[in-house]
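Since every read-out is calculated from the coordinates, none of them should be taken as a lab result. This is a predicted model, so every value here is computed, not measured. Note: ideal-geometry Cβ built from the backbone for every residue, glycine included; neighbour counts use all protein chains shown.
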Amino acid sequence: MKKYIVLPILALLFLQTVSAQINTGYLMRGFPQPLFQNPAIQPSCKFYMTLWGAEIKANHTGFGFYDLFDRQGDTLYFTNDGLDYLSDHLKKRNDITLKANVPIFGFGFRNKTAYISFGIESSSSARFSYPGQIVDLLRYGNFDYDADKVIPIDLSGLETQAISYLSIGITYSKQVNNNLTLGGRIRYLMGNTAVNTYRSNLQINTDQNTRDMTFEGNYEIRSSLPLVFEYDSEGNVENADLPEDIDYVDEFLLNGDRGFALDLGATYKLNDRINFFASLTDLGYIKWHDGVVLKADANFEFKGIDFTDYIVDSEQNTDNLGEELIDSIMNSAEVTTDELDFTTRLSPYFTLGGTFDVTKKINVGGILRTQFFDGRVHPQLTLSANMLPVRWFSLSLSYSMMNYSYNNIGLGFAIKLGPLQLYIINDNLTAALNPLQARGVNMHLGMNLLFGCRQKVDLPSYEE
């Protein structure tokens with residue numbers, strides 16, 4: 001049986017840290033991190049420095065653990081209607097997403113009506129997509145006996161996208177007048193690793209009369225990974241592995257894979273109580289050199305298993321039947337590689353939002369955020385109440401609809417101890433309190449040094 005190291009899994013192994021956008025933090029007051037989601041939002045302090053931080057995001061659009069399992073005491077068991085739930089709730093295409101963003105170094109300062117910042121970050125993302133028809137295959141098989149007809153199975157769209165890069169960026173924002181502030185950020189991207197499923201086609205068809213099954217597949221995966229391939233006599237890939245003496249600096253930092261990204265933002269103060277926000281972020285690309293294209297084409301006809309030998313000779317080992325079938329399918333596939341330069345694009349976010357100042361210390365607001373990838377639109381809506389009761393403490397409570405989930409209650413707070421500020425933000429408290437019931441977790445935490453903070457920037461000037 002041919003041995004394969006799956007490239008998407010290898011990409012996850014190199015996951016060091018596309019930027020995780022935390023919705024609750026967008027409108028939260030009293031800390032500088034919102035400028036990374038909208039470069040026009042100016043921090044209230046004259047100077048800040050990022051000491052440590054991490055944004056972590058893990059989401060599944062399909063289901064949560066307890067959607068399929070019940071608990072009785074210490075025992076978990078699969079619910080009787082688990083497959084029915086999956087069949088009813090899974091979409092045509094479902095995504096499992098992992099994202100992380102870790103700032104390495106950053107600072108910013110005010111210059112009259114302008115704010116300038118600099119930052120270095122390590123960013124990564126991985127997304128695994130699968131078709132919902134996988135469940136129908138498990139539930140009904142390939143033949144509807146009630147209707148006496150075959151069920152065609154289309155598993156196209158089974159793919160992985162993964163990317164990891166280092167980002168060096170400069171942000172500049174300017175108060176154009178008393179109402180309007182504009183900002184932009186340019187980032188230089190140093191690519192580390194990438195895996196991009198360029199083509200994913202897989203069909204299983206069954207003959208109506210003979211019930212013979214035909215497997216047809218066509219895959220193309222483009223990657224930038226330091227892999228060593230082994231080939232058979234016909235030039236097909238037999239194995240892939242990492243080199244023993246890999247130089248991580250040369251392979252992941254000095255590899256010449258470079259790109260750029262642009263973030264744009266605006267804020268507008270309609271009056272003393274109402275403010276509007278807009279941002280367009282992660283407009284960028286990375287050009288990968290000396291990449292590897294792995295192509296797999298398979299066409300296999302399965303006519304069943306001949307049990308004659310196993311009936312005549314009872315000592316025949318039937319444990320190998322499954323492995324023999326898998327070997328037959330794998331050996332029918334032609335897997336080849338080629339070298340190719342290719343380009344991957346980031347997944348941009350477009351965000352609109354606004355706030356209403358209820359009092360000098362409390363406002364309410366909301367944002368509508370849309371992410372674009374794979375030709376699809378992924379909207380999210382967050383409503384929040386934001387408080388800054390004292391200079392050294394801020395609090396935000398939020399409700400979000402995201403990832404086909406509608407029970408996301410978020411909480412964020414920042415506390416300032418002298419110049420040191422600590423902050424923790426979570427878009428979904430369910431994930432923290434009961435992770436098996438959640439479909440995702442979005443967290444942001446870290447520490448800043450703040451100097452020259454002015455409360456009058458954070459608070460409106462009207463009289464209560």
Can you give the extra length, in nm with one decimal, that the chain gains between Y231 and V390 once fully stretched, where that is 0.36 nm per residue apart less the Cα-Cα distance?
50.6 nm
Can you give the FRET efficiency to the nearest 0.05 for F260 and N209, using r as the Cβ-Cβ distance and R₀ = 56 Å?
0.45
What whole number of Å gives the distance from the Cα centroid of region 160-218 to the Cα centroid of region 229-249?
26 Å
Radius 14 Å from Cβ of D290, net charge of other residues (Lys, Arg +1; Asp, Glu -1)
-3
XL table K91/K295; K174/K360; K99/K295; K46/K269; K92/K269; K91/K269; Cα-Cα > 32 Å flagged, in table order, is K92/K269; K91/K269
